Amino acid sequence: MHNPVLVEITRGDLVESRHTGRVVVFDADGATVLALGAVDEPVFPRSAIKVLQALPLVESGAAEAYGFGQRELALSCASHSGEPEHAELAAAMLAKAGLDEAALGCGSHWSLEPRVMRAQARAHAHPTPLLNNCSGKHAGFLCFACHSGIAHAGYVDYDHPVQQHIRDAMAELTSTPLGHDVCGTDGCNIPTYAVPLDRLAHTYARLATGTGLAAERARAARTLIEASMAEPFFVAGTRRMCTTLMQLAPGRIYAKTGAEGVYCAAIPELGLGIALKADDGATRAAEIMVAATLARLFDAADRDLAAKLDKLAQRTLKNWNGTIVGEERPADELRAG
């Protein structure tokens, strides 16, 4: 099956570039609300499923034992920009478990926010693991291990109990067998698993509503999603799309990006879960796709919000002189009513 063109980049009056992709929306009962492209094919969701990876932190009682509030829980689900507030909170989470940045196995990079990155580079000889966009997630892993009496050494490895707990939760929620045959290594050094896109959409609908989940898991999912919606800066950061979407509709949209053009989202009030992928892995395409899909889904329920989301899905392109030269926009098939 050929996936449809979902995003267009124009220059003047002509389309200069096109992005193909897949979008799927499910309700919590498993009914397909929208399907564009080969949505039953597996993808690596990458960071788009961090809320699933954070479930053991809450379900084990570790988050409560360490006194974590909504900011800490949001950071445990984050691909943050490595701004000072993010790094300081990750360090504070580790300190609750008696650890420091040396325990992190995620690797190091500078802040993803250019202004902050330049300041960091001027002030430090090299980046630290706390600046890694996954340091909050890894801090959550380590806190779960320490609270549960699990030796944290090697916590990023496939066979480590931390990763086994995460894999079991993911397999159950996505109804997908997860093993070495669908496993790769993520950018932060933990296992990542390929899952059919439509199952991810159904999973997010269930997470947002609690439908079909055991009571403890439903509470944990609700706690993490509500924390992320309440503290969207700690899920991403300055000028990041995840943060922007959740700030635009406080408490009404949950959105999380993943590398290589993946996005997952949920609309709790409508009981809907969304999963999508831009085939070429382009972030610009995935961001337009998620904003346009949300606009389409809210069109009947809240026209004002739909209009704001539609505006996010259309971006003016300017050259270095500030001259408008074109736009990035959803293609007709994605915009259809």
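The values are calculated or read from the model by the stated rules, or taken from the named source; none is laboratory data. For clarity, every value in this text was computed on a predicted model and none was experimentally measured. Because the Cβ atoms are built from the backbone with ideal geometry, glycine has one as well, and the counts that use them run over all protein chains shown. Note: areas computed on protein heavy atoms with side chains; ligands, DNA, RNA excluded. Shrake-Rupley method; radii C 1.70, N 1.55, O 1.52, S 1.80 Å.
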**Prompt:** With the calculation restricted to Cα positions, what are the radius of gyration and Dmax of the range 1-115 in angstrom?
**Reply:** 20.0, 60
**Request:** Calculate, for residue 38 and residue 315, the FRET efficiency according to 1/(1 + (r/R0)^6) with r their C-beta to C-beta distance and R0 45 Å; round to the nearest 0.05.
**Result:** 0.95
**Asked** If you build a Gaussian network model of the chain, linking Cα atoms that sit under 10 Å apart, which residue out of 117, 93, 246 swings the most?
**Response** 117
**Complete:** Dividing the surface of the Cα convex hull of the chain by four yields a projected area in nm² of 17.2 nm²
**Asked** According to the square roots a ≥ b ≥ c of the eigenvalues of the Cα gyration tensor, what is the shape class of the range 124-283, taking rounded for a/c under 1.5, prolate for a/b larger than b/c otherwise, and oblate for the remainder?
**Response** rounded
**Request:** State log₁₀ I(q)/I(0) for the range 123-198 at q = 0.15, 0.23, 0.26 Å⁻¹ as given by the Debye formula over alpha-carbon point scatterers of equal weight, solvent excluded.
**Result:** -0.59, -1.13, -1.28
**Computed E for residue 65/residue 151 - FRET, C-beta separation, R0 22 angstrom, nearest 0.05** = 0.75
**Asked** Separation of the range 28-89 and the range 269-318 by C-alpha centroid, Å?
**Response** 19 Å
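Charges at C-beta only: +1 for Lys and Arg, -1 for Asp and Glu. How large is the resulting dipole of the range 1-104 about its Cα centre, in Debye rounded to 20?
With only Lys, Arg, Asp and Glu charged at Cβ, the dipole is about 180 debye.
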**Three-way shape call for the range 248-323 based on the alpha-carbon gyration tensor, with the a/c threshold at 1.5** = oblate
**Item:** Accessible area of the range 150-286 belonging to carbon and sulfur atoms, whole % at 1.4 Å probe
**Value:** 49 percent
**Prompt:** Treating the beta-carbon of each Lys and Arg as +1 and of each Asp and Glu as -1, no other charges, what is the dipole magnitude of the chain about its Cα centre, to the nearest 20 debye?
**Reply:** 720 debye
**Request:** Add +1 for every Lys or Arg and -1 for every Asp or Glu among the other residues with Cβ under 13 Å from the Cβ of residue 226, and state the total.
**Result:** +2
**Asked** Which of the lysines could a cross-linker span from residue 277 if the Cα-Cα distance has to be under 29 Å and same-chain partners fewer than 8 positions apart are dropped?
**Response** 50, 137, 256, 308, 311, 318
**Item:** Net charge of Cβ neighbours under 14 Å - reference residue 114; Lys, Arg +1; Asp, Glu -1
**Value:** +3
**Prompt:** For the chain, which cysteines have no disulfide-compatible partner, meaning no other cysteine Cβ under 4.7 Å?
**Reply:** 77, 143, 146, 183, 242, 264
**Computed magnitude of the charge dipole of the range 97-256 (debye, nearest 20; Cβ of K, R +1, Cβ of D, E -1)** = 700 debye
**Request:** Would you calculate a helix-derived [θ] at 222 nm for the chain, using -39,500 (n - 2.57) for each DSSP H run of n ≥ 4 and dividing by the full residue count, to the nearest 500?
**Result:** -12000 deg cm²/dmol
**Item:** For residue 90, net neighbour charge (Lys/Arg +1, Asp/Glu -1) across residues whose Cβ lies under 13 Å away
**Value:** -3
**Message:** Probe of 1.4 angstrom, ligands and nucleic acids ignored: what's the accessible area per residue over the chain, in square angstrom?
**Reply:** 41 Å²
**Asked** To the nearest Å, what is the center-to-center distance of the range 1-19 and the range 126-162, using C-alpha atoms only?
**Response** 41 Å
**Asked** Comparing 180, 152, 80, which has the greatest mean-square fluctuation in the GNM of the chain with Cα pairs linked when under 10 Å apart?
**Response** 180
**Item:** Along each principal axis, Cα extent of the range 103-161, largest first, Å
**Value:** 40, 16, 15
